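Engineer: Here it is, the structure in full.
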Amino acid sequence: MSGLKLDLQWSPFDDDIFITFGTAINLYQAKERDGIYETINPDNKLSPKISQIVLLATSSDLQFMKCVAWCPRVESKNVFAVAQTNGRISMVSIGQQSNDDLVGKEFNIRYNRQCNYLAWNPSETHLLAQGLERSRNEPCVLIWDVNSSSIDLGERTRHSASEGPVTKPALELGSGESSSSFSWFTNDPKCFVVGMANKHLRVYDLRDTTRPHQDAQHICVSGICIDPMEPYRLASYCENQVAIWDTRSFDRPINIITENKNVVKISWCPTKQGILSVLTKESSHVKLHDIRHSLFSSEEIEQSSIERNIQPFNKSHLASFSWHPRQENRLLSVLPNGSVRDMTIYDRIPMEWSSNLQLTMPVSKDIIRCLEETDLNKDISTVMRKRISQNYGLEAQDIAVNMKAVEDEPQLHGLWRWIFNIRVLIASQTASSKHRIPYATGVISLLHIEGDDVNLNSEPVATNWKASENIKYSKRTHYRSNERTMALQLCGWTPDYLKEGFDAFIEKLVKSGSPERASAIALFYLHIKKALEILSIYTASTEQGEGSPNLKAVAMALSGFTEDKNALWRRTCGTLRYQLKNPYLRAIFAFLACDEDNYDDVLDEEDMAVEDRVAFALIYLPDAKLKTYLCKLSEELIKAGDLDGILLTGMYSKGVDLLGNYLDLTSDIQTAAIAAVFSMCKEQRISEWIDVYRDLLDRWRFWHQRCIFDNVRQTFYQDRVPPSVNISCNFCGKSISNTIMTRARSMVQTVFNRGAQIRPKITCCPSCRKALPRCAICLTHMGTSSGSGAKLTPIQEWFTWCQTCRHGGHAAHLIQWFSEHSECPVTGCTCKCIAQDKVKLQLPHVNDNGNDVSAS
């Protein structure tokens, strides 16, 4: 413990016992948690005011106390090593009378010097470290064996009161220097780190003390403390700077924290990983730094950490603090007047939705509470997971599989009909076609009406009604062009002038259970006789409910159709139209009752499918009106985020805008990504959506489905997926894969050797020619054959390394090593590499052809 004016320490054995020490040692018991022991000072006398904390004993026999350390030996309960300002160490007991042989024992140094710290070895509890100020060529670090005797150090006999003080330490270090701080490593009781000469941090091993095993030069050498949760991480300070160190890279601090005032004490929380507590001079709060969220870097820049202030006594300045070594979040603090507070630090409770729709929050360091919502069937994440189970977006060729996965989601039907129809249209093009239609094509781009000019040059065609021979109606004008024909096909319609396809198209609609739509489309092509036949045959209405007319009644009404504007039929049907619930039946009456040059009642029938309204406009509107209508409808659908509008916009800029609005409304990142892939869209925003969806599949552990999705994406884009990991040279930083050069050399060798393919091996960086790291098992340079067998699979020779300690080697060698060991194969490295990865390791099974067949 460092020599503070007033300090405190928890018992290494009892959870409710602690001491404060300054001019005297006071032993307390906390009868309840979160208690307070306050002192007031009437007439210059300290007296207790209130408390759940009880003062058990006081010892002030030793004067000029500088440092106190609680002995960690179980048999030496409440025994303390006390160092005075002259460097003498005395073993004392407080409270009950102790018969321990250590009590009364003393350890003297040759020349009186100030003692800066005492530190017991937590495992080998007979070792006690002492740090001293500089004096001539005297050592500044002494390691005492408290079991030794002043008579015979070698025999280590028991000490008696008649014997004098022990003057010969077990180990001496740092001649002619001073030592300000010290800490034993918790994972290796033979090793310790010490701050020397105000500029050195040195790591020693008791098995070889001839030289330090590690040495770092830095001004932060005070208050060394090792993180009990991560023994390779330690902290130290100097003035207002706190340095975080990693013993695996000890040449410089990995993080520097700068405070506003000089630091007086630092300590790691023993029950929370990565929490460093800092107390500054004349401060009323303990500052907690969560360095787990710091940006660690090799660059010499000041790093940041998440901070939190704990204020035990309002605005009173603190003298010291101490974390409970076993109980989570329990902090003890003391004021300069001796008032003590025992408090529990309540964590900030972070809450987060898991990828499985569970609201998670931490209860303790070992328990996470999950609150699962009961009604999540309509949540988009539940819907997306259900679609994945039906291979949604995972079939590149069979569009019907994707359409079946969303058959209960009508808002997606228009999108998938467009994806299906564009493929049919592309497949119908001949090989001699001058302009191949892209997969992202929409009706507007197909008609080339994006700009101000309209260049359709559509041909008006006067078309006769297909009615009974004894009934004659006036002709209606249809507009035709090659672009309009392809646009109709994109809408899923077959023009009636394609006689063979039209009859099959109407028959298909009837068989699919849409007689109203089939009848309406037949009527729009002026096939009134066929429309009447469809309505007469299918008498069962698709809409059930009171007041719903059946199809036969509608057919009877249509059979009396007349073009006389003043006829009773027109007035009656105009009234009946608004009583019909089916939009296609309403469209039938609107079409028959409208004037030839005004089809607004049909086009404004919003409950009709978008593709049917667009197809109707393609047949009956002249070029100028067609452009106006399609552009207006497109803007409305984009603004509403209606995916049916993709038929008009395609998957170009406006189509991506529409998809973005849909995504904002529904959070359906799945459909956005899949639609982008299937339309081969190359807009910048699309790649971000695809990456988000891929990451979501990985979070849901749908790794297999994510790989299939990547293959589907590769199928459409036909470009090489960039590697997600590149191995770079440690010296020049450039990639060492050198794939292109390797392929070129391999091809040349194949050509000249005619089948004798030589596997290239890269054992050095192709750029700077420096040797690659060696495999930790076979000690050959990476790139050399692993030698695991005659038949080798590529994965066995891959570069593999631990993300924590950075040691690695051939994949085959490491898999074999970790099948028998848990620690890193590198000598001296205690990293539990295998514990960092929860995936079960398995050696590939290789068949006679050298192929990996373990997956099958």
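The values are calculated or read from the model by the stated rules, or taken from the named source; none is laboratory data. These numbers were taken from a predicted model, which means no experiment stands behind them. Glycine gets a Cβ as well: all are built from the backbone with ideal geometry, and neighbour counts include every protein chain shown. Surface areas here come from the heavy atoms of the whole protein model, side chains and all, with no ligands, DNA or RNA. Shrake-Rupley method; radii C 1.70, N 1.55, O 1.52, S 1.80 Å.
Engineer: Please give the residues of region 246-264, grouped as numeric ranges, whose backbone N is less than 20 Å from a label point set 7 Å along the Cα-to-Cβ vector of Asn730.
Structural biologist: Inside the label zone: 246-254.
Engineer: Once the whole set of protein chains is in place, how much accessible area is left on Phe420, using a 1.4 Å probe, in Å² to the nearest 10?
Structural biologist: Per-residue accessible area (Phe420): approximately 90 Å².
Engineer: Run the quick spin-label model on Asn598 and Lys378: label points 7 Å from Cα toward the beta carbon, then report their separation in nm to one decimal.
Structural biologist: Distance between the two pseudo-spin positions: 4.2 nm.
Engineer: Something else now. Order the peptides 13-24, 671-682, 205-216, 705-716 from the highest to the lowest mean number of other Cβ atoms within 10 Å of their residues.
Structural biologist: 671-682, 13-24, 705-716, 205-216
Engineer: Working out 0.36 nm times the residue gap between Glu230 and Tyr578, then minus their Cα-Cα distance, what length gain in nm do you get to one decimal?
Structural biologist: Going from the current span to full extension adds 117.7 nm.
Engineer: In nm, what is the difference between 0.36 nm times the number of residues separating Ser667 and Ser559 and their Cα-Cα distance?
Structural biologist: Gain on extension, Ser667 to Ser559, equals 34.0 nm.
Engineer: Next question, about the same structure. Return the carbon/sulfur percentage of the accessible area of region 601-663, one whole number, probe 1.4 Å, all protein chains in place.
Structural biologist: Here it works out to 50 percent.
Engineer: Under 5 Å between amide hydrogens, which residues at least 5 positions from Glu177 or on another chain qualify, with H placed 1.01 Å from N in the peptide plane?
Structural biologist: Close amide H contacts, sequence-distant or interchain: Ser135, Cys140.
Engineer: Given a 1.4 angstrom probe, I'd like the percentage of the accessible area of region 79-143 that is carbon and sulfur, rounded to a whole number.
Structural biologist: 34 percent
Engineer: Based on the Cβ-Cβ distance of Ile219 and Gln311, what FRET efficiency does E = 1/(1 + (r/R0)^6) give at R0 = 30 Å, to the nearest 0.05?
Structural biologist: For R0 = 30 Å, the calculated efficiency reads 0.55.
Engineer: To continue, here is another question. Shape verdict for region 573-700, please, from the Cα gyration tensor: rounded (a/c under 1.5), prolate (a/b greater than b/c) or oblate.
Structural biologist: Prolate, since a/c reaches 1.5 and a/b exceeds b/c.
Engineer: With every protein chain left in place, what is the accessible area of Thr247 in Å² (1.4 Å probe, nearest 10)?
Structural biologist: About 20 Å², rounded to the nearest 10.
Engineer: At 7 Å along Cα-to-Cβ for each site, give me the label-to-label distance between Asp15 and His413 in nm.
Structural biologist: Distance between label points: 6.4 nm.
Engineer: Taking H placed 1.01 Å from N in the peptide plane, check which residues at least 5 places from Ser320 or on another chain put their amide H under 5 Å from its amide H.
Structural biologist: Distant-sequence amide H within range of Ser320: Val334.
Engineer: Please work out how much accessible surface Trp245 shows to a 1.4 Å probe, ignoring ligands, DNA and RNA, in Å² rounded to 10.
Structural biologist: Result for Trp245: roughly 0 Å² accessible.
Engineer: At 0.36 nm per residue, minus the direct Cα-Cα distance, what do Asn391 and Arg348 gain on full extension? Give it in nm, one decimal, please.
Structural biologist: Using 0.36 nm per residue and subtracting the Cα-Cα distance, I get 11.4 nm.
Engineer: How far apart, in nm, are the 7 Å Cα→Cβ label points at Gln803 and Val74?
Structural biologist: Placing both labels 7 Å beyond Cα along the Cβ direction yields 4.0 nm.
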